[in-house]
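Just below is one structure, and these are the notes that go with it.
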Amino acid sequence: MTARATRPLARIVGFRIMIFAALAMLGQLIAVLVEYSHDPEYLAQLVLEQETEALATGLTLTGDHLSYQLPPAMAARYGTAETGYMARVRTANGAVLFSQCDRDCTEHFLPLDLDPPSFWLRILSPGYPLAFAGGRAIDRGQWTVFFEIVIARDTQHAVWRVLTHEVLDHMLWPMSLTLIFVLGATLVSIRSALRPVTAAARDAERLDPLSPDARLEEAGMPSEIAQLAGAVNRSYARTRELMNAQKLFTSAIAHEIRTPLAVIRMELERLDHPAARRTIGEIDELTHFVEQLIALARLEASDRSGFAPVALDELGRDIVATMAPFVYAHDARIAFEGAGNPTVSGNAALLKDAVRNLIENAVRHGGPGVSIVVSTEESPGDAGPSLIVSDDGIGFDPARSGGAPGHYKRAGGLGIGLEIIRRIAALHGARFEIARAAPKGTRARLVFTGGAVTPAR
């Protein structure tokens, strides 16, 4: 199953707000249309107001003289009498300034000798389509002008223009502005509310699994986010408990096995038989494996609280001096090459264990007469100093390791020694590299990516 791509919460919420706002606008539009459909008189009043406002733009007042000319925008409707739209413009004393109404339509207007009201409306036929007559008074200077219209057939959709105007002015624009403010306030609120989540995610990325007090800080967080951080902390604590139980179990088994192996070896030494000699070698290999398991369990219980500056040249010389008898006893050679005595923050005993495992691997799997060199290196840039163990033996075969970290093997080795080295490197924030050396042999390197500390004096 293909995983769905994640999207920002602000985008999801913003999209949903817009969808619901669109549905709300659609619902309100339907409500407006239903309301107007049940009140044609009110819609006729709106049409009358809009039409007379447009007709009034043709008034011209020059001094005391008032004149009128039909606006070009209204000529298509009120220019001729056959359009279904009729209009008359007159003053209070009955003087007609404009009329395109024939004799038949005058019955819809008020008599000229009658002082008309400021607003009047008469529905000519009930329901839709609208058909009405009406008039409205508009003041221009000292003049009061009466605009009277008749819409018998709305062939140019004046009603729809009024509805569109109503929807835009009283629904879409206000709701759009409201949507903009609501959407903006929501996005700002979401971003502000999620800021602690983002900070908690960054803190979670920096959590050190090797630190016994690694946890997310819950103080100052909103209660819902604090609950999430608390759940993560509790889950992290349970995971540490399980890991500690596993480490204890592994260490206990290893310790329990070591004593019977020693007893078996002592009994085999009493037997003068070639098979016993071969079995003793296998027992020694198994004993070495058990000791590595114990070292691995002891390593898992370590943390960075006891770190101190470690001079790599001094550490290298010490471990070479310690391991020299073992190396020479197996017909191999060992030497040390220093490089400025770089200093790192770490646990000297664990780093010695890592180098010891590399030396033992070289002796056990490098072949007869292997030469081993332990060296240090001050890498340029951000790489940090390095601790290197190289040999000219059979060489590391990456094809046999499967390419998986923690499962490197050399010439039949069990591979746990390299796993111990990898975990020691991880504890020190270092990078462990192992590869074939040119022209032959193996080159293993611990690169302390955290850089060097103040050099030892």
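Need pairs with beta-carbon distance below 8 Å; first residue within 13 Å of F448 (Cβ to Cβ) and in contact (Cβ under 8 Å) with a residue 24 or more places away in the chain and within the stretch 338-350, second among the aromatic types (F, W, Y) and surrounded by fewer than 20 Cβ atoms within 10 Å (Cβ to Cβ); sequence gap 6+ or separate chains.
Final answer for the pair search is S345/F307; G346/F307; N347/F307.
Just the residues that are without any contact (Cβ under 8 Å) to a residue 60 or more places away in the chain and among the aliphatic types (A, V, I, L, M), please, taken from the stretch 28-43.
I30, A31, V34
Mind checking whether some residue in the stretch 86-106 is in a helix (DSSP H, G or I), under 25 Å from P126 (Cα atoms) and modelled with pLDDT under 85?
yes
For the list (1) crowded, with 20+ Cβ neighbours inside 10 Å; (2) in contact (Cβ under 8 Å) with a residue 60 or more places away in the chain, I need the number of the one condition that A133 fails.
With respect to (1) crowded, with 20+ Cβ neighbours inside 10 Å; (2) in contact (Cβ under 8 Å) with a residue 60 or more places away in the chain, A133 is out only on (2).
From the list A87, A76, A54, exactly one residue is in contact (Cβ under 8 Å) with a residue 40 or more places away in the chain and under 60 Å from the mean Cα position of the chain (by Cα). Which is it?
A76
Are any of the residues in the stretch 337-351 buried (at least 16 other Cβ atoms within 10 Å of the Cβ) and within 17 Å of E433 (Cα to Cα)?
The answer is yes; a qualifying residue exists.
List the strands (runs of 3 or more DSSP E) that sit entirely inside the stretch 381-457 and contain at least 2 residues that are over 34 Å from the mean Cα position of the chain (by Cα), of a type in the set (A, V, I, L, M) and modelled with pLDDT under 85.
The strands (runs of 3 or more DSSP E) meeting that bar number zero.
Looking only at the stretch 107-154, which residues are among the aromatic types (F, W, Y), more than 22 Å from D39 (Cβ to Cβ) and not in a loop (DSSP other than H, G, I, E, B)?
The answer is W143, F146, F147.
Contact list please: Cβ distance under 9 Å, first residue in the stretch 157-170 and farther than 13 Å from L43 by Cβ and not assigned by TED's automatic domain parsing to the domain that holds R77, second residue hydrophobic (A, V, I, L, M, F, W, C) and part of a helix (DSSP H, G or I), pairs at least six apart or on different chains.
Once the first residue is farther than 13 Å from L43 by Cβ and not assigned by TED's automatic domain parsing to the domain that holds R77 and sits in the stretch 157-170, its partners that are hydrophobic (A, V, I, L, M, F, W, C) and part of a helix (DSSP H, G or I) give H170/V32.
Pairs under 7 Å by beta carbon, first residue surrounded by 11 or more Cβ atoms within 10 Å (Cβ to Cβ) in the stretch 231-242, partner outside any helix (DSSP H, G or I), six or more apart or different chains?
Final answer for the pair search is V232/L216; N233/R215; N233/L216; Y236/A214; Y236/R215.
For the stretch 57-73, how many residues are without any contact (Cβ under 8 Å) to a residue 12 or more places away in the chain and assigned to a strand (DSSP E or B)?
Going through the stretch 57-73 one residue at a time, the tally reaches 3.
The values are calculated or read from the model by the stated rules, or taken from the named source; none is laboratory data. Note that the structure is predicted; figures quoted are calculated from it, not measured. For neighbour counting, all protein chains shown are included, and Cβ atoms are generated from backbone atoms with ideal geometry for every residue, glycine included.
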